[in-house]
Amino acid sequence: MIERKSSREIAKQTQAGMIVAETLELLASAAQPGITTAELDKIAEKHIKRRGGVATFKGYRGFPGSICASPNAMIVHGIPGPYRLQAGDILSLDVGVTFRGFVGDSAVTVAIGDVPEKTRRLLAACQEGLRRMIEQCRVGNRLHDLGAACQAYVEGEAGFGVVRQLVGHGVGRRMHEDPQIPNYGQPGTGPELREGMVFAIEPMITAGSHDIFLDSDDGWSIYTVDGSMAAHFEHTVAITADGPLILTLGPDGSSVVDRPV
């Protein structure tokens with residue numbers, strides 16, 4: 001069942017989303033050559049605690065980090081550790097925060113120093129895929145309109161691959177709620193969107209094949225099979241009578257997720 005939130009509950013969830021946006025801002029600024037992903041994790045955990053929140057990912061189903069930090073061909077669920085960023089890398093940063101009983105969830109992929117033009121186009125395509133999915137978050141549309149819009153752009157226009165096995169999800173009092181939200185699909189299908197639904201919308205795309213595999217050593221990290229670069233952008237979005245409302249924005253109404261790459 002897809003849970004619907006009241007306007008008051010959405011306002012509470014926006015507070016969690018603001019802490020997420022602040023944390024991503026700090027991480028994106030700190031993600032420079034020479035820093036380790038474990039050091040980025042400490043930055044995030046310190047800020048989240050200072051703001052009165054809880055790092056939702058830490059301990060979730062046994063995950064050891066406060067954030068997910070996934071470089072290069074790693075798509076998602078990277079465990080922060082000794083990996084030291086180098087110029088030419090890209091890094092996907094995924095942050096979840098629980099604040100006063102509600103969860104905010106957002107992600108961005110950043111370039112570390114200079115990267116090839118194709119890599120920048122990959123990041124821009126994922127960002128645009130997210131924007132097009134959010135645009136579909138309107139009362140009366142169908143759930144798979146979101147994924148169809150992403151796939152049409154990413155694969156049809158930009159020439160990259162949309163990951164099939166990883167999806168977005170409902171989010172609210174729990175990290176994962178119904179429904180699952182694929183980043184591909186047939187328009188006009190799936191449940192009807194209704195006011196009060198809140199989704200974590202997160203396209204994950206690759207510069208090559210959309211095939212993926214799970215690292216059997218750590219049981220978390222997910223990579224592209226062909227070793228191609230991967231990008232991941234995400235916002236928490238509410239369906240309202242006035243259209244989509246992004247809940248993971250900073251105090252000034254902006255987010256590093258939406259800035260030109």
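The values are calculated or read from the model by the stated rules, or taken from the named source; none is laboratory data. Everything quoted here is computed from the prediction, not taken from an experiment. Using ideal geometry, Cβ is built from the backbone for each residue, glycine included, and neighbour counts are taken over all protein chains shown. What goes into the accessible areas is simple: the full protein's heavy atoms, side chains included, and nothing from ligands, DNA or RNA. Shrake-Rupley method; radii C 1.70, N 1.55, O 1.52, S 1.80 Å.
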### Query
Using a Gaussian network model of the chain with C-alpha springs under 10 Å, which one of R61, R120, R164 is most mobile by mean-square fluctuation?
R61
### Task
Name the aspartates and glutamates eligible as straight-distance cross-link partners of K118: C-alpha to C-alpha under 17 Å, and not fewer than 8 places from it in the same chain.
D89, E128, E155, E157, D226
### Task
Based on a Kirkwood Rh over C-alpha pairs, give the Stokes-Einstein translational diffusion coefficient of the chain at 4 °C and viscosity 1.567 mPa s in µm²/s.
72
#### Entry: Relative contact order (%) - the chain, alpha-carbon pairs under 8 angstrom, separation at least six
24
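R138 to H176: FRET efficiency via 1/(1 + (r/R0)^6), r the Cβ-Cβ distance, R0 30 Å, to the nearest 0.05? Before the final figure, lay out the partial values.
Numbers: r = 23 Å, r/R0 = 0.78.
So, using R0 = 30 Å, E works out to roughly 0.80.
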### Message
Let me test this: with uniform point scatterers at the alpha carbons of the stretch 151-261, what is the Debye-based log₁₀ I(q)/I(0) at q = 0.09 1/Å?
### Response
-0.29
### Task
Please give the peptides 26-32, 66-72, 250-256 ranked by average Cβ packing (other Cβ atoms within 10 Å per residue), highest first, as a rough proxy for protection.
66-72, 26-32, 250-256
### Query
What does the highest-first list of 179-189, 99-109, 136-146 look like by mean Cβ count within 10 Å?
99-109, 136-146, 179-189
### Query
So how strong a dipole does the stretch 196-261 carry about its Cα centre when Lys and Arg Cβ are +1 and Asp and Glu Cβ are -1, to the nearest 20 debye?
240
### Task
Any chance you could check the Cα centroid distance between the stretch 217-261 and the stretch 108-185 for me, in angstrom?
8
### Pair-distance profile P(r), taking every C-alpha pair of the stretch 1-138, with 5 angstrom steps and integer %
2, 10, 18, 20, 19, 15, 9, 4, 2, 0
#### Entry: Over the chain: helical MRE at 222 nm, DSSP H runs n ≥ 4 each giving -39500 (n - 2.57), nearest 500
-8500 deg cm²/dmol
### Task
First select every other residue whose beta carbon is under 9 angstrom from the beta carbon of H235; then total the charges, Lys and Arg +1, Asp and Glu -1.
-4
### Query
With each pseudo-label sitting 7 Å past Cα toward Cβ, what's the A124-D211 distance in nm, one decimal?
3.0
### Task
Select from P182, V103, M229 the residue farthest towards the positive end of the dipole of the chain; place +1 on Cβ of Lys and Arg, -1 on Cβ of Asp and Glu, and compute about the Cα centre.
V103
### Summary
Farthest towards the positive end of the dipole of the stretch 1-151, among S70, C150, V20 and with Cβ unit charges of +1 on Lys and Arg and -1 on Asp and Glu, lies the Cα of V20
### Task
Could you name the aspartates and glutamates whose alpha carbon sits less than 15 Å from that of K49, not counting residues in the same chain fewer than 8 places away?
E22, D41
### All lysines inside 22 Å of K42 as judged from Cα atoms, apart from same-chain residues fewer than 8 positions distant
K58
### Task
Calculate what fraction, in whole %, of the accessible area of the chain sits on carbon and sulfur atoms when a 1.4 Å probe is rolled over the protein chains.
51
### Query
Per residue, how much accessible area does the stretch 19-163 show when a 1.4 Å probe rolls over the protein heavy atoms, in square angstrom?
38
### Query
Taking the chain as a Gaussian network, Cα atoms linked when under 10 Å apart, which of V198, V225, V110 shows the biggest mean-square fluctuation?
V225
### Query
Dipole of the chain (Lys/Arg Cβ +1, Asp/Glu Cβ -1, origin at the Cα centre): which of T37, V171, A124 lies farthest to the positive side?
V171
### Principal axis box of the stretch 119-162, alpha-carbon based, largest edge first, Å
35, 14, 12
